[in-house]
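> I'd like to ask some things about the structure below.
Quick note: the coordinates plus some simple rules give every number you see, no bench work behind them. What you see is a predicted model, and the numbers here were worked out from it, not measured in a lab. All Cβ positions, even for glycine, are placed from backbone atoms using ideal geometry, and neighbour counts span all protein chains on display.
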Amino acid sequence: MKKISAYQAAALLIISRLLMLSMYIADNGENTLLTAVTAASLDIFKMAVMLPAIYILQKKNRIISDRQDSICAVMLGTGALMFLMILTDRFSSLIESAAPEHFSKLGVTAVVLTACAYTASMGIKAVSRTASLLLPIMTAVFTMIFFELRPGILPDRLNLYSADPIAEISHTLTKLAALSSDIFIMFGVFPYISSRPEKTVKIYLTADGIMTLLFFMTSSSVLGTFSGKTGNVWTVLSYCTHGAVIDRSAAVFLAASTVFFLLTGALLFIILKDSIKAVKNDISDSKLLLALSAGIALLLAAMSVRRTSIATLSLYVCAVSVIAPIILLSVLPSSNAGKDK
Amino acid sequence: MKDNVTDSLSERLEDNLQRLRMLLGLTSDLSCVSTEICGTVCAVITIEGMVSSEMLNELVMRPLSEIKKNDKTGPAEVMKYLTEVSLLSADRSAVYTLSSIADKLFSGYAVILADGICKGAAFGIQGYITRAVSSPATENDLLASQEAFSEVVRTNISLVRRRLKSPLLRFEMMKSGRISKTDICLVFIDGKADEKMLSQVRRRIREIELDSILGPGFIQPFLEKRSDDLLFSEIGYTERPDMLCANLIQGRIGVLVDGAPFALICPYLFSQNFENIDDYAAKTYFASFVKIIRIFSFILAVAFPGIYVAAVNFSPEMLNFKLLLSLAAGERSTMLSLFSELVIVMILLEILREASLRLPNSIGTAISIAGGLIIGDTAVTSGLISSPLLIVVGLTATASFVLPAFAQQISVLRLMFIFAGGFAGFFGIAICAVLISANICSQSFVGIPFTSPASPLHSDKLITVFGRKNFKGMAEENTTIKDLA
């Protein structure tokens, strides 16, 4: 189970965070500078909560890594499923909105889920190595694009004014916390880290702070008060680039979000697969991943047809994640419990 | 047990000869010359063409005929004399079974059987026709050795031994192939090569269940664990003894196969494909520069046509306005869509490459002229393809020639990128890139990741990916491939 290094895990988490940022939709009239400040405070809060949690988990040595705690496995699996569905839905909407004449939401959903399943079939080592290989490349590309954005960055557009700052901060805090799939992914990745997971947390949260601040500050200084009216900030920001070689980097931003999604999706697929295998071990990996991708695609298609929102579904999923462990507890032999101790 | 009994030699020479003829299916190239040595009837058995007739006469026939005919001794003494005392050949051994006699005969030995004893003597006097050691055909260089491996495994062993005069250098002979019984030689440096890796390689070669091994390509899929699922190979080829030696020093294992002028190198990392022996003869900065050019060429050869079609068809806003106008003017004059044009031209390019690859040089040049100049020029003037597209194809083709080791992968991956870019633009390109990267990153050979040292990151060895260490640095480090696990 312990297969990846702390750095590789951090690379995976950074990529999943970049995905969340690339799909961030600003509220109408949102002050993104205030969002940046709130995000930074949230990051400090995350560090204050997660570091002790990781230390406790290490000390207790009781985590689903040994695949014996079926309850944790079921809950983790349902969480992964839910996040996978939410992310796929949002990502396919993003791609469809970027070029509606070329892409349909359903087609994008089917393609990306199949691609995620294939990537996941290569194993956690392959996914983490890919992440740590692609992350520096992405960083280099974005550094270049950032320099291309420089002429458009005007500090006088930064404005902290808000009519009701407390209400706006609390709203943004709730919104950002709801989007923090990184906390879930971090605990999902934890069992795979070979040593020093606290290092992963430190690297990731530091990078998260820098990325989030940079992203919201850039959007605020480039777009000014319009940043709250643009919808997907990432896409609009990409239209503001102007480089010597590449005129407008919208396509590069789109490709980058796709890379982030595929790697995050593959990671969630692996967590989901391992959770299922912790309960039922006699299924082959490839068949399971194929069935999962087909199942999720069909479910999302059905929801799209019935116009059911993911939020409604997540309610049912949460209910299942509570009921299923209770059923499992009554079904599984008692000797299974506490085997890790 | 019963097979062993029938396979064993009997005391009657005639019986042994008869059974050997039957075992070899009365093959017409079996030669048996009967003679009498010290009163004992003996037979000298060879396979025509496998032994040197000069050596047979000088080292076997003449010494045997010069033994005093009046000294009457028994067959046991004759055989003892042949296998223990005489110096007919430096390579001598005793044989006890018909199958071992057959093996020896097919390896170019002369076998002497005597009447009255169930034992034979084998002498290595190989003399089959072989190609002389020549210069490398596919790994040309400017300042390194001009010797390449030949088809005979023994010659190849000597080429390696000459370069590494170390008592730690080991050669391990094995046989593989149910019918071909091909000689396979494992080469490694004791203490440098990982024991676990060695035993894995030995086991994988032993488990090959093919009738014939006619080259290293027959062994390679068995050495890799998931050969059919992988785009690239964890096993490398080289036809240069100096390149093999460089790899052996780093703790890798070489596999020489009789009949092929190539050596297999296990494991072979992705970054090694961008290396060349000339890098060590060049200045450090130039070696690094050339390496970056090779990496860039690989990306260009694989992804450039796909990116081009994606940019023009899906994201024209990326392109500079003047460039866009020029491309639009070019495309307006053609009758096919850009994607169709690109697919057709790329397939034509592959046809031309395949046609010129296996033809004599003179005809190959003619095909290049016919394909490149006549077809290309006519296609542009007739409006079948646009001029900018021809530039893209030309650039891509030239870039792909920088890395001949990746010829197979480049051809297929390039088409994949074209289809991905043509159908889904940069969204497709990104999917393609992740899938290929994940496939590459999933590869490893006995615990050594294929993408090492870039991922997992070994910062102290990262320089070998984008350049090379200077000789002082190389002298100071004493690392082996195990350190990249």
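> Could you work out [θ]222 nm for the protein assembly as shown from helices alone, using -39500 (n - 2.57) per DSSP H run of at least four and dividing by all its residues? Round to the nearest 500 deg cm²/dmol.
It lands at -18500 deg cm²/dmol.
> Any idea which of B:281, A:132, B:338 is furthest toward the positive side of the dipole for the protein assembly as shown, if Lys and Arg beta-carbons carry +1 and Asp and Glu beta-carbons -1?
A:132
> Any chance you could list P(r) for chain B, counting all Cα-Cα pairs in 20 angstrom bins from zero, rounded to whole %?
19, 41, 27, 11, 2, 0
> Next up: How do B:234-243, B:179-188, B:23-32, B:347-356 rank on mean C-beta neighbours within 10 Å, highest first?
Most protected by this proxy first, the peptides run B:234-243, B:179-188, B:347-356, B:23-32.
> Continuing with the same structure: Could you tell me whether chain A comes out rounded, prolate or oblate from its Cα gyration tensor? Rule is a ≥ b ≥ c as square roots of the eigenvalues, rounded for a/c under 1.5, then prolate if a/b exceeds b/c, otherwise oblate.
Judged from the Cα gyration tensor, chain A comes out prolate (a/c at least 1.5, a/b above b/c).
> Work out how much length residue B:365 to residue B:8 would gain on full extension: take 0.36 nm times their residue separation and subtract the Cα-Cα distance, in nm to one decimal.
122.7 nm
> Can you give the relative contact order of region B:281-442 as a percent, counting alpha carbon pairs under 8 Å and 6+ residues apart?
Answer for region B:281-442 is 44 percent.
> Find how many whole Å separate the alpha carbon centroid of region A:102-164 from the alpha carbon centroid of region B:135-165.
What the calculation gives is 48 Å, centre to centre.
> Along the charge dipole of the protein assembly as shown, Cβ charges K/R +1 and D/E -1, which of B:371, A:271, B:464 sits furthest on the positive end?
A:271
> Another question, if that's okay. Using a 10 Å cut-off around each Cβ of peptide B:303-312, what is the average number of partner chain Cβ atoms that fall inside?
On the way: counts 0, 0, 0, 0, 2, 0, 0, 2, 2, 0.
Mean partner shielding for this stretch: 1.
> Picking from B:395, B:430, B:450, whose Cα lies most toward the positive end of the charge dipole for region B:391-485 (charges on Cβ: Lys, Arg +1; Asp, Glu -1)?
B:395
> Under the definition of partner shielding as Cβ atoms of other protein chains within 10 Å of a residue Cβ, what is the mean value for peptide A:243-250?
Mean inter-chain Cβ contacts per residue within 10 Å come to 4.
> Work out the length of the dipole vector of chain A about its Cα centre, built from +1 on the beta-carbon of each Lys and Arg and -1 on the beta-carbon of each Asp and Glu, and round it to the nearest 20 debye.
Values: 28 positive and 20 negative charges, 223 e Å.
Once rounded to the nearest 20, the dipole reads 1080 debye.
> Quick one: if the Förster radius is 25 Å, what FRET efficiency do residue B:84 and residue B:58 give, using the C-beta to C-beta distance and rounding to 0.05?
0.75
> Additional query: Considering only lysines 8 or more places apart in sequence, or on different chains, count the pairs in region B:2-124 whose C-alpha atoms sit under 22 Å apart.
9
> What does the C-alpha gyration tensor say about the overall shape of region B:281-442? Classify as rounded when a/c is under 1.5, otherwise prolate if a/b is larger than b/c, or oblate.
Verdict is oblate for region B:281-442.
> Counting other Cβ atoms within 10 Å, which trypsin sites (Lys or Arg not before Pro) in region B:104-141 have at most 14 and lie in a DSSP loop?
Values: sites: B:104, B:119, B:131; in loops: B:119, B:131.
Here the sparse-neighbourhood loop sites are B:131.
> Let me ask something else about it. For region B:2-124, just say rounded, prolate or oblate: build the C-alpha gyration tensor, square-root its eigenvalues into a ≥ b ≥ c, call rounded for a/c under 1.5, and beyond that prolate if a/b exceeds b/c, oblate if not.
oblate
> Follow-up. Mind putting a number on the dipole of the protein assembly as shown about its Cα centre? Charges go on the C-beta only, +1 for Lys and Arg and -1 for Asp and Glu, and I need it in Debye to the nearest 20.
1700
> Could you grab the relative contact order for chain A? Cα pairs under 8 Å, six or more apart, rounded to a whole percent.
It rounds to 43 percent for chain A.
> Greater than 29 Å separation of Cα atoms is the criterion. Which listed pairs, A:125/A:280; A:125/A:229; B:165/B:225; A:175/A:277, meet it?
Pairs exceeding the cut-off: A:125/A:229; B:165/B:225; A:175/A:277.
> If you take every residue apart from residue B:319 with its C-beta less than 13 Å away from the C-beta of residue B:319, what net charge results, scoring Lys and Arg +1 and Asp and Glu -1?
On the way: positive: A:248, B:322; negative: A:247, B:317, B:331.
Net charge in that neighbourhood comes out at -1.
> For region B:375-452, which chymotrypsin sites (Phe, Trp or Tyr not before Pro) are both in a DSSP coil and crowded by at most 16 other Cβ atoms within 10 Å?
B:401
> What FRET efficiency comes out for the pair residue B:299/residue A:242, r = Cβ-Cβ distance, R0 = 22 Å, nearest 0.05?
E(calc), rounded to 0.05, equals 0.35.
> Counting alpha carbon pairs within less than 8 Å and at least 6 residues apart, what relative contact order, in whole percent, applies to region B:153-268?
Working: 200 pairs, mean separation 35.6, N = 116.
RCO, region B:153-268: 31 percent.
> Filter the trypsin sites (Lys or Arg not before Pro) in region B:203-304 to those in DSSP coil with at most 15 other Cβ atoms within 10 Å of their Cβ, and list the result.
Here the sparse-neighbourhood loop sites are B:225, B:226, B:283.
> Once R0 is set to 60 Å, what does the formula 1/(1 + (r/R0)^6) return for the Cβ-Cβ distance between residue A:159 and residue B:132, expressed as a FRET efficiency to the nearest 0.05?
On the way: r = 82 Å, r/R0 = 1.36.
Calculated value: 0.15.
> Mind checking the dipole of region B:153-268: about its Cα centre, +1 per Lys or Arg Cβ, -1 per Asp or Glu Cβ, Debye to the nearest 20?
The calculated dipole for region B:153-268 is roughly 480 debye.
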